[in-house]
Amino acid sequence: MTESSSRNKWVLLLTLTFAHFSSISLAQDGLVANGDFETRPLNGFPSEAVTDGPVEIPSWRSIGTVELVASGESVGGGMVLIVPRGTHAVRLGNDAEISQELTVEKGSSYAVTFSAARTCAQMESLNVSVPPASQTVDLQTLYNVQGWDPYSISFAAAEEKVRLNFKNPGMEDDPECGPIIDDIAIKKLQVPDKPKDNAVDNGGFEFGPWMFQNVSLGVLLPTNLDEETSPVPGWMVESTRAVRYIDSNHYAVPEGKRAVELVSGKEGIISQMVKTKPEKQYSLSFSLGHARDKCKEPLAVMTFAGDQARSFHYTPESNSTFQVAIVNFTARAESTRIAFYSVYYNTRTDDMSSLCGPVVDDVRVWFSGCSRNQVVRVWLGIGFIFWAYFLVLG
């Protein structure tokens, strides 16, 4: 009897220990719990539910009018709801929100990827927050004809427990309006190693947010509100419109597996502050390419490096999808801004509506060597040594 009681106590202790460590397991890269909203609620999906009232969404806490919607449903005016992927998604009514608590690594940075669509022609937006960080994403601009886009925002974890929150800040007259969200994923952002021969951090864009392998739309990066945290470490999006983070599985990428496509003309700017030495000469080089996404040419990029601003048109040779462009500049301070935006507003030739643009990749900044006077002094020194050697031998 005593032995059995002791064994039961050990079993209970082990169970509690396991439960404790399970409860503090860190959020894994990929979908958050029920991030695609395909987990069946206890009382069934709305089309199956036998009781009236709101349907509980597994793993999520809801406030306000939050609806599980299915692909093909229609709202007022005959508009058919667009579900980004799968069968179900969530629609947020006026001032409604959903949230989920996540366990993360305190002090680390994370990127949240999600898909969003609007339901009405009015201005719609979506506020995404992990307090104290908060960002509102404008859904008015449709970047492709499918009617939905993947987005990514980032945050720095201030605590081990954080609450990921999606809210519709709008107050529309039509109660059936409101953004639809789907495919919510998270990824811990890695800090790129400092390159020895390049002042640019993450110049190849290899470090970035979660991307779904079977989604061919890339991930849109909206304006960064926190200069210290970006879904693509090292890079900022300064403008009112987004740029697109793309992968080599679905696009032509000049180098590596990731790159950035400038899809918003002058309204989509990416930039970075790089460390430099005042009055020293540097060179900025980058790959300028075509994503092979049927983007209508001409394609061109406006490039800024310190006191220089130059435009480059995409003019590849033979079957190449990219070319290398170089800008020489003189640094005026201990940090220098480099930036890129598309000169034109481009669309795809197959639908004339989906936004696209030139691809930028493999960005490098390096010390370009001596100044002209230094070069002259070096050659004079070499000449003096040569003649001295000649006279000694003579």
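No value in this document is a laboratory result; all are computed from the given coordinates. Please read these numbers as outputs of a predicted model, since none were measured by experiment. Heads up, the Cβs are rebuilt from the backbone with ideal geometry, glycines too, and the neighbour counts pull from every protein chain shown.
Through the Karplus equation 6.51 cos²θ - 1.76 cosθ + 1.60, θ set to phi - 60°, convert the phi angles of segment 124-141 into ³J(HN,Hα) values in whole Hz; use x for Gly and Pro.
With coefficients 6.51, -1.76 and 1.60, one gets 10, 8, 9, 8, 10, 9, 9, x, x, 6, 8, 8, 9, 9, 6, 9, 5, 7 Hz.
What value in Å³ per residue do you get for the convex hull of the alpha-carbon atoms in segment 24-188? Mind dumping the intermediate values first?
Numbers: hull volume 18.4 nm³, N = 165.
Value for segment 24-188: 112 Å³ per residue.
Contour minus end-to-end for Ser368 and Gln308, with contour as 0.36 nm per residue of separation and end-to-end as the Cα-Cα distance? Don't jump to the answer; show the numbers that get you there.
On the way: separation 60, 0.36 × 60 = 21.60 nm, distance 1.49 nm.
Working it through step by step, the gained length comes to 20.1 nm.
What are the lysines whose alpha-carbon lies under 18 Å from the alpha-carbon of Lys296, with same-chain residues fewer than 8 places away excluded?
Hits, sequence-local ones excluded: Lys266.
Please give the peptides 276-282, 311-317 ranked by average Cβ packing (other Cβ atoms within 10 Å per residue), highest first, as a rough proxy for protection.
On the way: 276-282: 16.0, 311-317: 13.3.
Listed from highest to lowest mean packing, they are 276-282, 311-317.
How long, wide and thick is segment 175-267, going by the Cα atoms along their three principal axes, in whole angstroms, largest first?
Rounded to whole Å, the extents work out to 56, 29, 29 Å.
In nanometres, what is the gap between the two model label sites at Lys277 and Met352, each 7 Å from Cα along Cα-to-Cβ?
Each label point is offset 7 Å from its Cα along the Cβ direction, giving 5.6 nm.
So, R0 is 45 Å and r is the distance between the beta-carbons of Val80 and Asn198; what FRET efficiency does that work out to, to 0.05? Please list the in-between numbers first.
Values: r = 49 Å, r/R0 = 1.08.
Efficiency computed from Cβ-Cβ geometry: 0.40.
Quick one: if you stick a label point 7 Å off each Cα along the C-beta vector at Ile326 and Glu228, how many nm between them?
So the two model labels end up 3.8 nm from each other.
How far apart, in nanometres, would the label points at Thr65 and Leu26 be if each is projected 7 angstrom from Cα along the Cα-to-Cβ direction?
Inter-label distance under the simple model: 4.1 nm.
Estimate the FRET efficiency between Ser47 and Glu238 by the formula 1/(1 + (r/R0)^6), using the beta-carbon distance for r and 41 Å for R0, to the nearest 0.05. Display every interim value, and only then the final one.
Numbers: r = 45 Å, r/R0 = 1.09.
The value I calculate is 0.40.
If only Cα atoms are counted, what is the Rg of segment 209-394, and what is its Dmax, in Å?
21.0, 79
Under the 0.36 nm per residue contour assumption, what length would be gained going from the current alpha-carbon distance of Ala33 and Glu160 to full extension? Please report the intermediate quantities before stating the final value.
Working: separation 127, 0.36 × 127 = 45.72 nm, distance 1.72 nm.
Stretched fully, the Ala33-Glu160 segment lengthens by 44.0 nm.
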